[in-house]
There are 2 protein chains.
Amino acid sequence: MNFHDKVQQIIAIKNSLLCVGLDSDIEKMPRALRASKNPLFDFNRAIIDATADYAAAFKVNLAFYEAHGVGGWQALHDTFSYLPSDVLKIADAKRGDIGNTAVMYARTVFDVLGADCVTVNPYMGFDSIEPFLMDETRGAFIICLTSNPGSHDFQYFSNGEQRLYERVAGMVNSWNRRKNCGLVVGATHADELAAVRRISPELPFLIPGIGAQGGDLVAAVRNGADAAGSLALFNSSRAIIYASGDDDFAQQAKEAAQATMMQLNEARFINE
Amino acid sequence: MNFHDKVQQIIAIKNSLLCVGLDSDIEKMPRALRASKNPLFDFNRAIIDATADYAAAFKVNLAFYEAHGVGGWQALHDTFSYLPSDVLKIADAKRGDIGNTAVMYARTVFDVLGADCVTVNPYMGFDSIEPFLMDETRGAFIICLTSNPGSHDFQYFSNGEQRLYERVAGMVNSWNRRKNCGLVVGATHADELAAVRRISPELPFLIPGIGAQGGDLVAAVRNGADAAGSLALFNSSRAIIYASGDDDFAQQAKEAAQATMMQLNEARFINE
């Protein structure tokens, strides 16, 4: 099954567009967990157990693990190994480098970690992305328009007819020969999200920014999902995994995940 | 001492513009080393010992270590720890993500690995770069114009007056308040390199592409160094570290490093 079909199938089976982001930070965990030998993994295991029923995908943000060196990489391995088989496993790495280096990064996320897909940066062009696209069952979400303030610095750069992020979306369409390309488009730009969906009607979108970053969830679903209300994953990290900083963090994460999944489905299926 | 002055001082003391790139790949090492317990570090130690007299900087390409998981991260630590104190330690990471994630990446390269500086990707804009610029003694080389074929896909995108890589160079000038920004500009684009040097006369440049990638070394030095023939580091990875695939690899690397340093200095100091 190619990556596009895998995304479609998982969304259908789980009836969810929710992606839970494991940006796990020891400083934000309940005090009891911080004393554990492997706090990042213990925290993630509890979050995964609590939220997996409601999540179509988990996005593991490599930065939060690398910052703990060798021990962090062990937690990263353990976390990917623990993820259930019925969710999409996303390595949020934002990598991008010349071909022979990109081959190494692809080996890391797909072979070492066992991710289904990875986030990558388009700045260096096709040969920096191609190594992530060699296997039709594995995919890459290419950064297109991001949810942060700095998105305005370069992504809106325009040749008069087209902005840079629109050019990225168009180019990625042409890279999608094996049906394993997607785009990262932030929820904080609702109109632009609709425009990118028009450019790339057939690509899966990974959409951050609905949680702590404050994007409008209903607008994001209506503008970011495909014509069938599918093919988009909406990431929430902090609003779910830190719903509580106390010992009830897993229960609160579960309730936040369930509520977010429901809000996403209401936006998909209820016509106002 | 700020990062800019640190780069100037190292280049002056070592009288070298050479950066040796540790893109270390077990498959390309001499057979005897592959059997060691820690082949990546053993190889790097031999290369560092052989080439440090001729190098102003070492660039460690994180991809090649991550691809070996936890053991690779241990080799990465060991390598940064082993680098001598009189060279610039560059973490070639090409990272770029929203602020709270970039804070984690900055912690990894500066605090965990002990690098002096890091390569970063500009696509997500200033708030994705700022966490790498908080300490004036540590710097970031921001990717501007790269040496690979895919550089044409987006970096040449133009608004009619300015190409994207020129906009990046101009923006980075404005981010250089603490004198700790630099640019990555590929040697394979000699004319464009001169144009970027005109836009950013005061920024250190990290210039890949003179070795295996085939850029013209003399043109790259004349166009990429500053008015005083300094403030640029020329990276060569494969042409030095794999100068031989046999047991004489360290001796051959030493000779390749020395020859490259001399060629760079001839290009700086000899007027034709």
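Kindly give the distances from A:E266 to its copy-mates, label point to label point, with each label point 7 Å from Cα along Cα→Cβ, as nm values to one decimal ordered shortest first. For A:E266, the inter-copy label distances come out at 7.4 nm.
Between B:F269 and B:D111, the modelled label-to-label distance comes to 4.3 nm, taking each label 7 Å out from Cα in the direction of the beta carbon.
Membrane-span-like helices in chain A (whole DSSP H runs, Cα extent of at least 15 Å along the helix axis, mean Kyte-Doolittle hydropathy of at least -1.0): A:3-14, A:39-51, A:69-82, A:164-174, A:249-269. Take the alpha carbon gyration tensor of segment A:142-218, find the square roots of its eigenvalues, order them as a ≥ b ≥ c, and report rounded if a/c is under 1.5; if not, report prolate when a/b exceeds b/c, else oblate. Oblate is the answer for segment A:142-218, as a/c is 1.5 or above yet b/c matches or exceeds a/b.
Comparing B:G209, B:G21, B:G114 in a Gaussian network model of chain B (Cα springs below 10 Å), the most mobile by mean-square fluctuation is B:G114. For n ≥ 4 DSSP H runs only, could you compute -39500 (n - 2.57) per run for chain A, divide by its residues and tell me the 222 nm figure to the nearest 500? About -12000 deg cm²/dmol. Around B:V20, with a cut-off of 14 angstrom between Cβ atoms, what is the net charge of the other residues, counting Lys and Arg +1 and Asp and Glu -1? Once positives and negatives cancel, what remains is 0. For B:V218, inter-copy separations between label points set 7 Å beyond Cα along the Cβ vector come to 6.9 nm, shortest first. Considering segment B:139-184 at the alpha-carbon level, its Rg and Dmax are found to be 11.4, 33 Å. Taking B:G125, B:G224, B:G182 as the candidate residues, the one with maximal mean-square fluctuation in a Gaussian network model of chain B, Cα springs under 10 Å, is B:G125. Pair-distance distribution P(r) for the protein assembly as shown, from all Cα-Cα distances in 20 Å bins starting at 0: 23, 55, 21, 1 percent.
Each copy carries B:R34; placing its label point 7 Å along the C-beta direction from Cα gives inter-copy distances of 4.7 nm, listed from smallest up. At a threshold of 8 angstrom on Cα-Cα distance, excluding pairs fewer than six apart, so keeping six or more, what relative contact order does segment A:3-267 reach in percent? That works out to 22 percent. Under the convention that each Lys and Arg Cβ holds +1 and each Asp and Glu Cβ holds -1, the size of the dipole of the protein assembly as shown around its Cα centre is about 20 debye. Each Lys and Arg Cβ is given +1 and each Asp and Glu Cβ -1; about its Cα centre, segment A:1-71 then shows a dipole of about 120 debye.
Other protein chain C-beta atoms within 10 Å of residue C-beta, averaged over B:162-169: 2. Charge dipole (Cα centre; +1 on Lys/Arg Cβ, -1 on Asp/Glu Cβ; no other charges) of segment B:3-267 amounts to roughly 240 debye.
Who wins for biggest fluctuation among A:S81, A:S244, A:S158 in a Gaussian network model of chain A, springs between alpha carbons below 10 Å? Fluctuation is largest for A:S158. Each of A:T108, A:N61, A:S128 was placed along the dipole of segment A:3-267 (beta-carbon charges, centred on the mean Cα), and the one lying farthest toward the positive end is A:S128. As a calculated quantity, the FRET efficiency between A:R177 and A:M1 at R0 = 22 Å, using C-beta atoms, amounts to about 0.85. May I ask for the net charge around A:A239, where only other residues with Cβ less than 12 Å from the Cβ of A:A239 are counted and Lys, Arg are +1 while Asp, Glu are -1? It works out to a net charge of -1.
Bear in mind that the values in this text are calculations on the coordinates, not laboratory data. In this text, all values refer to a predicted model and were calculated from it rather than measured experimentally. Positions of Cβ are generated from backbone atoms using ideal geometry, with glycine treated the same way; all protein chains shown enter the neighbour counts.
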